Each structure stands twice: as structure tokens, then as C-alpha cells.
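The values are calculated or read from the model by the stated rules, or taken from the named source; none is laboratory data. Predicted, not measured: the structure shown is a model, and the values here were computed from it. No Cβ is skipped: glycine too gets one built from the backbone with ideal geometry, and neighbour counts run over all protein chains shown. Surface areas here come from the heavy atoms of the whole protein model, side chains and all, with no ligands, DNA or RNA. Shrake-Rupley method; radii C 1.70, N 1.55, O 1.52, S 1.80 Å.
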Amino acid sequence: MTLTAKSVSRAALASALAVLTAAAVVLVATPASGAASTLAAAAQQKGRYFGTAVAANKLSDSTYTGILNREFDMVTAENEMKMDATEPNQGQFSYGNADRIVNQARGQGKRIRGHALAWHSQQPGWMQRMEGSSLRQAMLNHVTQVATYYRGKIYAWDVVNEAFADGNSGGRRDSNLQRTGNDWIEAAFRAARAADPGAKLCYNDYNTDNWSHAKTQGVYRMVQDFKSRGVPIDCVGFQAHFNSGNPVPSNYHTTLGNFAALGVDVQITELDIEGSGSGQAQQYQGVTQACLSVARCTGITVWGIRDTDSWRASGTPLLFDGSGNKKAAYNSVLAVLNEGGGQQPTTTTGPTTTTTNPDPGGGGCTATYSEGQKWNDRFNGQVAVSGADDWVVTVTVSSPQRIIATWNTSATWDSSGNVMTARPNGSGNSFGFTVQHNGNWSWPSLACSRG
């Protein structure tokens with residue numbers, strides 16, 4: 001993502017999306033004794049990474065590298081691994097600036113996300129003029145050569161970037177790569193796996209944050225198809241570029257959870273949120289909480305270090321100001337990562353984990369509850385169902401609890417709001433939900449029946 005490479009308007013998403021409201025106030029960084037003092041250390045205690053995008057020409061800036069070395073444990077090259085940078089002339093590969101970033105990161109014990117092997121934008125001029133089978137072969141050769149060169153050094157590759165169209169179609173973007181055949185994304189992933197079998201392979205895109213949007217659903221269907229057919233995809237990246245017209249959607253957690261349920265990791269890959277003060281801090285807090293609430297959300301990367309390093313510098317979207325000072329947004333993220341000191345609360349209790357409803361016709365179903373992530377004000381639960389193909393689970397929470405999010409299910413509530421009826425959402429035998437406990441940590445009760 002760069003200012004020159006991204007001309008997409010996000011006005012289409014300015015539909016009064018609500019900011020995540022999981023917490024009523026912005027947390028402040030007054031960590032408890034023993035809490036981590038940096039983003040990377042705090043994320044690690046939650047089993048995640050916290051990364052940033054890095055530009056090679058800023059590595060001589062001591063303030064920049066000081067923050068980089070101290071705060072982050074994952075590095076993404078901002079532009080230096082893209083197609084125009086690594087293969088400026090066909091068959092002639094250039095890795096000098098990318099190597100500077102990789103070597104600096106590895107020298108500091110950091111991991112690297114590779115960004116990006118195949119993209120309709122920032123192609124070298126020679127590739128822009130190609131089409132058809134010649135372009136397909138050139139793209140696959142590029143994927144193979146670059147991934148092979150960095151084999152064993154990359155944690156995860158953004159194999160394909162931004163291949164889906166904006167708007168209501170939910171379909172692919174019209175690009176020179178798409179016109180080589182609808183299987184070009186699959187071909188790129190297979191080439192990347194052969195070239196660098198130890199790296200995680202990701203699909204990366206923007207404006208896929210809201211679960212109800214057609215673009216999100218289009219990407220979801222592709223990942224679902226790839227997993228069902230054995231196409232090697234390990235992760236999905238959500239760029240997460242937010243502003244006042246496109247705030248963090250209230251169902252962001254649902255989006256992450258639904259993709260994770262397909263059997264892929266989810267990663268927040270290019271996070272920046274325009275704004276300032278407490279409003280910006282609360283949105284950063286919400287994104288961080290959403291990632292922590294999904295077990296397979298493996299990490300967060302912000303797209304730059306200081307506001308002045310950002311491709312959206314005028315919007316002051318990052319965690320450090322232009323002088324390298326920590327902003328309120330930094331404090332809120334660190335506080336969320338430190339919440340609980342890396343240990344789960346122990347106050348959640350429940351009388352039972354399993355409810356079975358036998359069926360005289362020889363069927364029946366069993367619903368089993370298991371604990372998920374917990375915070376000061378809410379907790380996640382997961383329900384696994386066995387024994388029936390057409391199960392229905394009734395989940396009852398105790399007042400003043402209420403269920404504020406679900407994933408992998410179509411749910412309805414009774415008039416009290418305390419009883420949820422969960423039905424299958426597509427294939428699968430499990431679903432999850434988030435309970436705002438309001439001081440009551442007891443487990444919900446379950447009843448399973450045939451639908």
C-alpha cells in the first residue's frame with residue numbers, strides 16, 4: 001500500500017458503520033506491575049505478533065529505527081518486495097532494498113511478512129504491456145523466483161493482493177492478471193507453495209472488514225473453495241485502513257471469526273486509522289480487542305511507524321506522532337494487549353459443559369461448551385455439536401449478561417434477549433459467541449435438539 005499505488009475511494013463504505021463499542025471508555029496505559037512495556041512484548045504474551053511496515057530509505061533515521069527495534073517483532077517491506085521493485089526488467093531481479101529490510105529485521109530477531117508476489121498494481125512497465133499466456137507465465141515465474149530467493153526467511157507471503165472488485169458484485173477485479181484466466185490466483189498459490197514450502201501463504205485485501213459486504217463475501221467464498229479443494233492457502237490478510245467515512249465496523253470480530261472458522265489464520269496487515277485523540281484511540285482499541293477475541297488472529301501490523309511515515313500522513317493515522325512520541329492510540333493498544341497480564345481470568349464458572357437431547361428415532365445431538373478468550377468486560381464461548389445433521393441449540397445467558405456477537409451461525413433471540421436459538425450457518429458443527437457479562441461470569445446453559 002502506498003499513496004501512489006492506491007487510488008480507491010472508500011466513500012462507498014461510508015454507511016454509518018458503528019465503531020466497535022466493546023468498551024465504553026478508552027483504556028489508558030497504566031499497566032499493572034510486570035506488564036509488558038512494548039507492543040511486541042505485550043502481543044507475545046497473548047501469543048501474537050505486532051508488526052509494522054518498513055521503508056528501506058528510512059533505516060538511516062535513528063529515531064525511526066529506534067522505535068522499530070524496540071516496539072515491533074514483525075516487519076513488512078512497504079514497497080521493496082513488490083513486483084516493480086524486484087523485477088524491474090523481465091528476467092532481471094533486484095533485491096538490494098528488500099535485502100536491507102530483511103537483513104535489518106533478522107539481525108534484530110524479527111520475522112518478515114513478504115508483500116506482495118502478485119498484484120494488478122505496481123507492476124513493472126514491461127509486465128503492464130503483456131497479456132494472455134505470456135503474462136500468466138511471467139507472473140508465475142516472478143512468484144517462483146522471488147519466493148525461492150527468500151525461501152526460509154519469510155514468515156508469511158501475501159501471495160495475491162487486492163484481486164476482488166469494490167461494489168456490490170462480490171466478484172473479481174478486472175485486471176490484466178484476471179484476464180489470463182479465473183484460476184490465476186490458485187496458480188499463484190501453488191507456485192508459491194512449491195517455491196517456499198515453509199512459509200504461510202496469504203490472500204490480502206482491503207474493504208473486506210464488514211461481514212455483510214459483497215466484497216467480503218466474495219473473498220470468503222474463494223477461501224472456502226480453496227480449502228475444500230486443497231489449494232494451499234494458510235491465511236487471509238485484512239488491510240484495515242479506516243477513517244471517519246469508513247470506521248471500524250461493529251461486526252469486525254464476526255468477520256475475523258468466520259474466516260478463521262474456514263481453517264485459515266487471519267491477520268490484520270496494514271492497519272492505520274485516521275484521526276486523533278480519544279476517538280482514534282478507541283478505534284485502535286476495538287481492532288486490537290477483535291483480534292484478541294479470535295484464536296486464529298495471529299497478529300497485527302500497522303502500516304508505518306510515525307504519522308509522517310504514513311502514505312496518509314495528513315490523516316495522522318499511526319501510533320507515534322511525527323517526532324516519535326507515543327500517542328493516545330498507542331496507549332490504548334498497549335493497555336488492551338496487557339489486559340490480564342497474559343493470564344485468563346479464573347472467575348468464569350459453569351455447572352456443566354454438555355447437554356444431550358436423545359431422539360426416539362435413533363438420532364439426537366450433543367452440545368458441548370468450551371471457554372474462549374476473556375477480558376474484563378466480556379468473554380467468548382464456543383459450542384461444538386455432534387450427533388445430528390439438523391441441530392438447533394438454545395443458549396441461555398443469565399441476567400445481566402447479553403450476547404453481543406456471534407459467528408458461524410444464524411441466530412435469533414427471544415423477547416428477553418437472554419435466550420438465543422442458534423442454527424447451522426452453512427456446513428460445520430460449531431459456532432461461537434461473545435457475552436458481555438456485566439459482572440456475571442457464569443457459563444450459559446445449553447439445550448440441543450433436532451431442527
Restricting attention to region 229-247, which residues are at pLDDT 95 or above and in contact with a Leu (Cβ under 9 Å, 6 or more places away or on another chain)? PRO232, ILE233, ASP234, CYS235, VAL236, PHE238, GLN239, ALA240, HIS241, PHE242
Contact list please: Cβ distance under 6 Å, first residue in region 222-235 and in contact (Cβ under 8 Å) with a residue 60 or more places away in the chain, second residue of a type in the set (Asp, Glu), pairs at least six apart or on different chains. CYS235/ASP265
Region 192-218, residues that are buried (at least 21 other Cβ atoms within 10 Å of the Cβ) and either part of a helix (DSSP H, G or I) or β-branched (Val, Ile, Thr) (or both): ALA192, THR208, LYS215, THR216
Of the conditions (1) touching a Ser or Thr at 6+ places or on another chain (Cβ under 9 Å); (2) surrounded by fewer than 21 Cβ atoms within 10 Å (Cβ to Cβ); (3) modelled with pLDDT of 80 or more, the single one that PHE431 does not satisfy is (2)
Identity of the residue in region 308-327, over 21 Å from GLY245 (Cβ atoms) and surrounded by fewer than 20 Cβ atoms within 10 Å (Cβ to Cβ), that ends up farthest from the chain's Cα centre (by Cα): SER323
A careful count of residues in region 75-98 that are over 17 Å from ASP158 (Cα atoms) and in a helix (DSSP H, G or I) gives 2
Matching residues in region 51-74 - criterion: being among the hydrophobic types (A, V, I, L, M, F, W, C) and in a strand (DSSP E or B): ALA53, VAL54, MET74
Restricting to region 193-217, what's the tally of residues that are out of contact with any Gly (no Cβ under 9 Å at 6 or more places or on another chain) and of a type in the set (Gly, Ala, Ser)? 3
Restricting the search to region 70-89, which residues are open to solvent by 10 Å² or more (accessible area, probe 1.4 Å), of a type in the set (S, T, N, Q) and under 23 Å from the mean Cα position of the chain (by Cα)? ASN79
Going through region 254-305 in order, the residues found to be of a type in the set (Gly, Ala, Ser) and surrounded by fewer than 24 Cβ atoms within 10 Å (Cβ to Cβ) are ALA260, ALA261, GLY263, GLY275, SER276, GLY277, SER278, GLY279, ALA295
Scanning region 220-253 for residues that are part of a helix (DSSP H, G or I), in contact with a strand residue (DSSP E or B) (Cβ under 8 Å, 6 or more places away or on another chain) and crowded, with 23+ Cβ neighbours inside 10 Å gives HIS253
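Per-residue answers, yes or no, for (1) at pLDDT below 95; (2) assigned by the TED database to the domain that holds GLN282; (3) open to solvent by less than 10 Å² (accessible area, probe 1.4 Å); (4) in contact with a helix residue (DSSP H, G or I) (Cβ under 7 Å, 6 or more places away or on another chain):
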| position | (1), (2), (3), (4) |
| --- | --- |
| VAL26 | yes, no, no, yes |
| ALA53 | no, yes, yes, no |
| GLY91 | no, yes, no, no |
| SER94 | no, yes, no, yes |
| ALA98 | no, yes, yes, yes |
Have a look at SER169, SER175 and point out the one that is in the same structural domain as ASP265 (by the TED database), under 15 Å from VAL219 (Cα atoms) and not in a strand (DSSP E or B). SER169
Output for Cβ contacts, cut-off 6 Å, separation at least six or different chains, first residue without any contact (Cβ under 8 Å) to a residue 24 or more places away in the chain and within 25 Å of ALA53 (Cβ to Cβ) in region 249-267, second surrounded by fewer than 24 Cβ atoms within 10 Å (Cβ to Cβ) and not hydroxyl-bearing (Ser, Thr, Tyr), reads none
State all residues of region 399-427 that are open to solvent by less than 50 Å² (accessible area, probe 1.4 Å), outside any strand (DSSP E or B) and out of contact with any His (no Cβ under 6 Å at 6 or more places or on another chain); if no residue qualifies, say none. ASN408, GLY417, ASN418
Subset of region 93-123 (residues that are more than 21 Å from ALA192 (Cα to Cα) and in contact (Cβ under 8 Å) with a residue 60 or more places away in the chain): none
